[in-house]
Amino acid sequence: MRVSRNVYRGCLLGLAVGDAMGYTVDSRSLAEIREDYGPNGLLGYDLVNGYAEISSYTQIAAFACNGLLLGITRGQMTGKMAPYVKYVALALREWAASQRGWDRQERNYCHLMTQRAICQRRCMDTRMLETLSRDPRLSPLGTPDEPKNRFAGPGSLTTAVSVGLFFDPERMRRGEIDFLGAEAVALTHGSPLAYLTGAALAHLVSRVARKPNGSFRLAVQDTLDAMRARFGSSYSQTGELCGLVSQAVQYSENGALAPTTVMERLRCENAAEVLSGAVYAVLSGGDFDRSMIIAVNHSGRSAAVGAVAGALLGARLGEESLPEFYMDCLEPADILRELADDLHQGCPMDKNSRLYDLDWDRKYLHGGR
């Protein structure tokens with residue numbers, strides 16, 4: 001079944017909304033959040049000059065989309081291409097260049113490098129930025145088999161959202177998307193717990209996007225079953241990941257505990273804890289607003305949890321169900337809609353076709369120039 005464009009837009013816009021809400025209070029204690037925003041915590045955007053500011057979680061998800069579209073375009077136009085993860089790596093390195101603000105190359109591959117709203121300096125993980133900024137000839141990025149560090153944080157986790165949204169059964173098997181999600185995170189974060197979480201998130205996003213009206217609880221269980229089957233015998237951390245997410249599901253079934261109590265127990269610091277917090281927020285919220293409030297009001301990585309929860313909810317609900325007031329002051333909203341539409345459409349050209357799309361050529365073959 002063809003996935004609605006509404007789902008693609010909802011996923012990327014929902015990610016940005018959750019990121020922008022959480023960015024305001026990221027890594028602040030729950031007590032500090034309540035001191036500033038009242039006993040109920042942050043209930044919406046805290047605007048800066050009339051805009052809701054997004055962080056690197058939205059930026060790298062957008063750049064990963066750009067890289068994947070660059071890869072598939074080159075494949076269709078030339079008949080040959082590198083593995084998809086190479087294009088994700090290229091895109092993330094260009095994102096890192098956008099954060100430095102100096103030493104930019106004259107030529108870029110990602111058209112997002114020309115979009116100021118998505119290139120402002122908002123890095124949430126300086127170690128990730130340092131990893132991506134090294135000379136690729138001297139310091140290649142990591143892989144699951146050859147990790148470059150033991151970072152377990154959520155800095156690059158949202159690349160897996162883009163990977164999951166990119167899934168098309170005519171293009172690849174779901175198991176390949178799972179592994180690509182792991183590869184994308186492993187580029188910068190070498191802890192098995194981090195890149196296994198990338199695999200789980202890519203699987204879950206692809207599942208929700210393909211069946212937005214299905215049970216989210218069943219989608220989570222399908223994801224855990226897939227992780228155990230694919231990675232359980234190779235990585236002992238699979239059990240830890242599945243245990244954390246299962247715990248979040250169990251908490252969502254226990255109405256006796258306040259959501260803030262649960263989120264503090266889940267900690268939401270490393271990548272796996274961030275995914276478990278997002279799953280809990282989606283299951284226990286009931287609607288987009290309530291889920292976002294749960295996702296960001298805690299002492300952990302509020303922007304990361306908000307971004308992941310927003311992406312999952314956006315994929316389920318679609319753009320039309322996202323409250324309009326979230327969109328009005330979200331600066332990169334139009335850029336994200338355009339990316340979502342391009343992901344939904346796919347490259348309209350191939351080397352044997354007479355069809356020529358000038359705008360697509362400009363964006364995905366000439367870097368927006």
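Read-outs throughout are calculated quantities, based only on the coordinates presented, and are distinct from any laboratory measurement. Since this is a predicted model, take the numbers as computed values, not measurements. Heads up, the Cβs are rebuilt from the backbone with ideal geometry, glycines too, and the neighbour counts pull from every protein chain shown.
General remarks:
- Order of Val25, Val282, Val3, Val185 under a 10 Å beta carbon neighbour criterion, fewest first: Val3, Val25, Val282, Val185
- Selected from Val25, Gly368, Gln247, residue furthest toward positive end of dipole (the chain; charges at beta carbon): Gly368
- Note on the chain: with charges restricted to the Cβ of Lys and Arg (+1) and Asp and Glu (-1), its dipole about the Cα centre is near 1060 debye.
- Here the Karplus curve 6.51 cos²θ - 1.76 cosθ + 1.60, taken at θ = phi - 60°, turns the phi angles of the stretch 284-299 into couplings of 9, x, x, 8, 5, 4, 5, 5, 5, 4, 5, 5, 10, 9, 6, 8 Hz, with x standing for Gly and Pro.
- Under the simplified labelling scheme, the Arg116-Arg100 pair shows an inter-label distance of 2.2 nm, with each label point 7 Å from Cα along Cα→Cβ.
- The phi torsions of the stretch 2-8, fed into the Karplus equation with coefficients 6.51, -1.76 and 1.60 and a -60° offset, translate into couplings of 5, 6, 5, 4, 4, 5, 4 Hz, rounded to whole numbers, with Gly and Pro shown as x.
- Proxy reagent accessibility, fewest Cβ within 10 Å first, across Lys80, Lys363: Lys80, Lys363
- For the stretch 5-364, the C-alpha radius of gyration sits at 0.92 times the compact-globule guess of 2.2 N^0.38 Å, with N the residue count.
- As a calculated quantity, the FRET efficiency between Arg28 and Leu257 at R0 = 22 Å, using C-beta atoms, amounts to about 0.50.
- Residue of Pro154, Pro144, Pro169 that the Gaussian network model of the chain assigns the largest fluctuation, springs spanning Cα pairs under 10 Å: Pro169
- Label separation (Glu176 vs Arg5): 2.6 nm, computed from points 7 Å beyond Cα along the C-beta direction.
- Computed over the alpha-carbon atoms, the stretch 227-369 gives an Rg to Rh ratio of 1.11, Rh here being the Kirkwood radius from the mean inverse distance.
- Using θ = phi - 60° in the Karplus curve 6.51 cos²θ - 1.76 cosθ + 1.60, the 3J(HN,Hα) couplings for the stretch 328-338 round to 4, 10, 8, 4, x, 4, 5, 4, 5, 4, 5 Hz; x is entered for Gly and Pro.
- Per residue, the average separation of C-alpha pairs within less than 8 Å and at least 6 apart gives the stretch 64-223 a relative contact order of 20 percent.
- Distance in nm between pseudo-label sites at Glu130 and Arg217 (7 Å out along the Cβ direction from Cα): 4.5 nm
- Lys-Lys pairs in the chain that are eight or more residues apart or on separate chains and whose Cα atoms lie under 20 Å of each other come to 5.
- Which of Glu253, Glu269, Glu170, Glu319 has the fewest Cβ neighbours within 10 Å, and the rest in rising order: Glu170, Glu253, Glu269, Glu319
- Farthest positive-ward along the chain dipole, Cα basis, beta-carbon charges - from Val208, Ala278, Ala295: Val208
- Debye log10 I(q)/I(0) for the stretch 136-286, one point scatterer per Cα, at q = 0.12 Å⁻¹: -0.47
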